Amino acid sequence: MKLSGNSKKLERLLERNTGKAIADFNMIEAGDVVMVCLSGGKDSYTLLKVLTALQRRAPIDFKIIAMNLDQKQPGFPGHILPEYLQALGIEHHIVAEDTYSIVQEKIPVGKTTCSLCSRLRRGIIYRTAKELGATKIALGHHRDDIVETLFLNLFFGGKLKTMPPKLVTDDKENIVIRPLAYCKERDISRYARALEFPIIPCNLCGSQDNLQRQRVKQMLTDWEQQYPGRTESIFTAMQQVVPSHLLDSSLFDFQGLTQDTEVDEGDIAFDPQL
């Protein structure tokens, strides 16, 4: 598809931000087999498109395999992704697992299904990665997902943590990467519209009302409208953590603190301009 000038600029921005994240966190190395998890949403389509573009220009060789999990929810158009990937000539693997029936059986009507659905999906993805010989599992989470997860853990989990750009799974068998970590959701949305990706909406859990993530997303949207740049500031803060000005004794030796201890930022709790 021929892109307009603005869309080309947007494409270059997404590729540049993705390339920077890959380099900053050493996400992809020579010889890697990267399994890109493709859901049919705007984020995973963008991830696949940007990674294949970077693959062509990369100074190292790595392989991409697209993977989709068909969870057998009613109305899922199972033909769309295979046809799309075949048309692009991208190697792909479709896994059909009826997690929908399991979720419906285990979760009472009206309750949120996301947690169980996510656990089931994660297990299948990890298993498939091993079967395909993938060395990296690429997910389509972006900057806004990472910020939202920070507040979900803060408000509802009592922890100061979020989605890391790179992690090793608990069984030590897989490395998960999030190459879109530096990309803004609004840029991804605009790009997806420009390229007219064949979006497949999630009617299993993503359409449920009143999810906590949706509430946090709305909170951040309202903040951003009132104070433009706030989301970027929060994201930057996650890259500039000062353990000596928090309360976690496992990260900073408060008990052993003396006048001779070197402490980042000293006694300045807030920058002067604040």
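The values are calculated or read from the model by the stated rules, or taken from the named source; none is laboratory data. Predicted model, so just to flag it, every value in this text is computed and none were measured. No Cβ is skipped: glycine too gets one built from the backbone with ideal geometry, and neighbour counts run over all protein chains shown.
Below, the figures for the structure above:
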read-out: In the range 137-170, the residues that are out of contact with any helix residue (DSSP H, G or I) (no Cβ under 8 Å at 6 or more places or on another chain) and surrounded by fewer than 17 Cβ atoms within 10 Å (Cβ to Cβ); value: Asn153, Leu154, Gly157, Gly158, Pro164, Leu167, Val168, Asp170
read-out: Test: Glu29 is at pLDDT 95 or above, over 23 Å from Lys130 (Cβ atoms) and surrounded by fewer than 20 Cβ atoms within 10 Å (Cβ to Cβ); value: no
read-out: Residue within the range 132-146 that is in contact with a Leu (Cβ under 8 Å, 6 or more places away or on another chain), in contact (Cβ under 8 Å) with a residue 12 or more places away in the chain and part of a helix (DSSP H, G or I) present; value: yes
read-out: Selection from the range 164-191 of residues that are basic (Lys, Arg) and in a loop (DSSP other than H, G, I, E, B); value: Lys172, Arg178, Lys184
read-out: Out of Lys111, Lys161, sole residue that is modelled with pLDDT of 90 or more, basic (Lys, Arg) and in a loop (DSSP other than H, G, I, E, B); value: Lys161
read-out: Single unsatisfied condition, Ala66 versus (1) of a type in the set (Gly, Ala, Ser); (2) farther than 19 Å from Phe25 by Cα; (3) modelled with pLDDT of 85 or more; (4) over 17 Å from the mean Cα position of the chain (by Cα); value: (4)
read-out: Some residue of the range 36-49 being in a strand (DSSP E or B), touching a residue at least 12 places away in the same chain (Cβ under 8 Å), within 15 Å of Ala138 (Cα to Cα) and within 14 Å of the chain's Cα centre (by Cα); value: yes
read-out: Positions within the range 91-107 being touching a Leu at 6+ places or on another chain (Cβ under 7 Å), at pLDDT 80 or above, under 11 Å from Gln71 (Cβ atoms) and not charged (D, E, K, R), in sequence order; value: Val95
read-out: Answer from Leu88, Leu81, Leu13 - the residue that is out of contact with any Phe, Trp or Tyr (no Cβ under 8 Å at 6 or more places or on another chain) and buried (at least 18 other Cβ atoms within 10 Å of the Cβ); value: Leu81
read-out: Selection status of Asp267, surrounded by fewer than 17 Cβ atoms within 10 Å (Cβ to Cβ), modelled with pLDDT of 95 or more and more than 20 Å from the chain's Cα centre (by Cα); value: no
read-out: Conditions (1) over 25 Å from Leu251 (Cβ atoms); (2) surrounded by 13 or more Cβ atoms within 10 Å (Cβ to Cβ); (3) in contact with a helix residue (DSSP H, G or I) (Cβ under 9 Å, 6 or more places away or on another chain); number of the one not met by Glu173; value: (2)
